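Novice: Following this message is one structure expressed as structure tokens.
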Amino acid sequence: MTLDGKTVAITGGGIGGTAAALACAQRGAETHLFERADALLEVGAGLQLSPNGMKVLDALGLGARIRSVASRPRAIELRDHRHERLLMQVPLGDAYERRHGAPYLHIHRADLLDVLVEGARAAGVHVHLGRESSGYTPDPTLDFETGTRFPADVVIGADGVHSALRRQSWSGHTPSFTGQVAWRGLVPADAVPEGLVPAATTLLMGPGRHLVLYPLRGGALINFVAVEEREGWAEEGWSIPDDPANLRVAFADWGPTARAVLGACEETFLWGLFVHPPLDRWSDGRMVLMGDAAHPMLPFIAQGAVMALEDAWTLASCLDSHDVPDGVARYESLRRDRATRVQTTAQGQARLYHLDGPLRPIIHLGMRMVGAARPDFGSARFDWLHGHDVTVD
Ligand code: FAD
């Protein structure tokens with residue numbers, strides 16, 4: 001096994017970086033995880049964890065812990081924004097688990113990160129907090145803002161959408177604003193009238209806007225992501241607060257569920273949605289990018305964190321079966337097409353969600369008819385995505 005005894009340096013202790021650290025340590029690498037924050041913490045938000053991500057967590061030996069803190073939605077329901085009429089649904093639960101060999105779950109991001117960090121520490125990962133990386137050298141070393149360097153056999157850049165490592169060698173990579181912003185937030189379920197608490201993942205679609213709602217932490221919380229098309233630019237970042245009144249104004253003419261949930265919102269954050277063109281390559285010799293650092297994507301098919309989990313497994317497995325430069329090349333060849341397809345699929349999704357004008361009622365009618373005639377239509381569309389298992393590649 002070629003990772004045994006090798007030194008791996010990973011920058012970024014988010015979902016992707018911690019999963020990669022655990023996967024490398026499990027294969028015998030001396031693994032160092034560097035995070036710029038003073039603690040390994042995730043923002044207060046939910047995450048949809050599709051079966052392809054669960055398969056990685058199962059293979060990492062974390063499946064039971066994840067299941068104990070996650071919830072299991074019964075379906076994804078697509079509804080129109082004003083009357084909340086059901087247009088199509090994707091049954092989840094046992095049927096989906098049988099279809100893909102792992103469940104579709106909802107989890108609080110902090111709970112997922114806690115389980116990963118616990119696993120990484122137990123596997124012997126050395127965690128270094130308050131260490132902000134500034135770049136790398138091809139030897140390779142991971143370099144820090146303080147001027148220090150950490151030498152390793154391989155350096156992994158898991159430092160997210162604004163990756164310092166990507167910036168160093170892909171300076172021409174320029175994202176473009178989509179003209180869409182997303183608010184996120186959590187609302188206590190008991191602040192919403194009982195009949196309006198969503199039991200399933202609910203996707204409400206209106207002209208130029210959509211709203212995703214789902215229960216979290218055993219139904220105690222409702223997670224929301226609300227997307228609006230607008231000309232005004234907003235920054236790309238998880239923690240930029242906005243006044244909940246702006247959110248309520250944007251969705252004021254929506255149906256009772258949207259108004260009840262957003263009406264109960266006391267704290268929200270606004271995120272500008274940007275399209276990042278796929279990179280021409282993900283590595284530079286012994287330095288390799290993964291997760292949002294390699295392929296940031298729009299959140300419309302809930303796959304960014306799941307792709308980071310897939311990357312983590314594949315990268316550790318390739319580094320274990322090949323020497324470093326070949327292992328990195330193999331990882332890229334296994335992952336690039338799939339990640340690019342997910343990026344472009346996510347981009348196309350907003351058009352369907354935000355329909356306006358005369359086409360809208362026609363397409364909504366079509367969705368209802370197809371949904372009634374072929375109940376598995378919604379599931380089958382994503383077989384290529386949720387049915388994939390990187391742990392058997
Ligand atoms: P990150 O989670 O961004 O982690 C990067 C880490 O690196 C952070 O801890 C950061 O502090 C650290 N860091 C950054 N710079 C440095 C540096 N210079 N030095 C050291 N450390 C550094 N995905 C899903 O799969 N399902 C969903 O339901 C879902 N919902 C989403 C909803 C919204 C509104 C958005 C915007 C995204 C959503 N995503 C979802 C996408 C998902 O959040 C990201 O794709 C995922 O978090 C990427 O993980 P990562 O580890 O690559 O990066």
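Novice: Please give, to one decimal in nm, the separation of the simple spin-label points placed at residue 381 and residue 253, each 7 Å out from Cα toward the Cβ.
Specialist: Taking the two extended label points, one gets 2.5 nm.
Novice: So how tilted is helix 109-122 from the main axis of the chain? Cα-based, degrees 0 to 90, rounded to 10.
Specialist: 20 degrees
Novice: Assuming 0.36 nm per residue, please report the length gained on full extension of the stretch residue 373 to residue 118 beyond their Cα-Cα distance. Walk me through the numbers on the way to the answer.
Specialist: On the way: separation 255, 0.36 × 255 = 91.80 nm, distance 4.62 nm.
Gain in length upon complete extension: 87.2 nm.
Novice: Within the range 311-326, whose backbone N sits under 13 Å from a point 7 Å along Cα→Cβ of residue 4?
Specialist: Hits in the range 311-326 for residue 4 at 13 Å: 320-321.
Novice: Kirkwood Rh over Cα pairs of the range 135-254 into Stokes-Einstein at 4 °C, 1.567 mPa s: D in µm²/s?
Specialist: Numbers: Rh = 17.9 Å.
It comes out at roughly 72 µm²/s.
Novice: Go through the range 32-45 residue by residue and turn each phi into a ³J(HN,Hα) via Karplus (6.51, -1.76, 1.60, θ = phi - 60°); whole Hz please, and just put x for glycine and proline.
Specialist: Per residue, the Karplus-derived 3J(HN,Hα) values read 10, 10, 10, 10, 6, 6, 7, 8, 8, 10, 10, 6, x, 7 Hz.
Novice: While we're on this one: log10 I(q)/I(0), Debye, Cα-only the range 307-393, no solvent, q = 0.11, 0.15, 0.20, 0.24 Å⁻¹?
Specialist: -0.49, -0.72, -0.97, -1.18
Novice: Also: Kindly provide the pair-distance distribution of the range 1-81 built from C-alpha pairs, with 5 Å bins from 0 and whole-percent values in order of increasing distance.
Specialist: Reading the bins upward from 0: 3, 12, 18, 19, 19, 13, 8, 5, 3, 1, 1, 0.
Novice: Would you mind counting up the charge near residue 186? Only other residues with Cβ under 15 Å from its Cβ, with Lys and Arg at +1 and Asp and Glu at -1.
Specialist: Numbers: positive: 109, 184, 217; negative: 42, 111, 190, 242, 266, 267.
Taking every other residue near residue 186 into account, the sum is -3.
Novice: Hey, can you grab everything whose amide H is under 5 Å from the amide H of residue 268? Only 5+ residues off in sequence or another chain; H modelled, so Pro and N-termini drop out.
Specialist: Result for residue 268 returns 242.
Novice: For the chain, compute Rh as the Kirkwood radius over C-alpha pairs and then the Stokes-Einstein diffusion coefficient at 4 °C and 1.567 mPa s; write the answer in µm²/s, rounded to an integer.
Specialist: On the way: Rh = 21.5 Å.
D = 60 µm²/s.
Novice: Given R₀ = 25 Å, what would the calculated FRET efficiency be for residue 243 paired with residue 83, taking r from the Cβ atoms and rounding to 0.05?
Specialist: Values: r = 28 Å, r/R0 = 1.13.
Once the sixth-power term is evaluated, E becomes 0.30.
Novice: Further question: With 10 angstrom as the radius, rank 55, 6 by how many other C-beta atoms surround their C-beta, starting from the fewest.
Specialist: Arranged by neighbour count, lowest to highest, 55, 6 become 6, 55.
Novice: Turning to a different aspect of this structure: Where does each of 228, 236, 194 land when they are ranked from fewest to most other beta-carbon atoms within 10 angstrom? Write out the running numbers ahead of the final one.
Specialist: Numbers: 228 23, 236 17, 194 7.
By the 10 Å Cβ count, ascending, the order reads 194, 236, 228.
Novice: Taking the Cα of residue 145, stepping 7 Å toward and past its beta carbon, and measuring to each backbone N in the range 26-53: which are under 15 Å?
Specialist: Hits in the range 26-53 for residue 145 at 15 Å: 34-39.
Novice: List 362, 301 from most exposed to least, where exposure is judged by having the fewest other Cβ atoms within 10 Å. List each step's numbers first, then the result.
Specialist: Working: 362 11, 301 20.
By the 10 Å Cβ count, ascending: 362, 301.
Readers should treat all values here as calculations from the given coordinates under stated rules, not as data from a laboratory. Please read all numbers here as calculations on a predicted model, not as lab measurements. Counting neighbours? That spans all protein chains shown, and the Cβs are built from the backbone with ideal geometry, glycine included.
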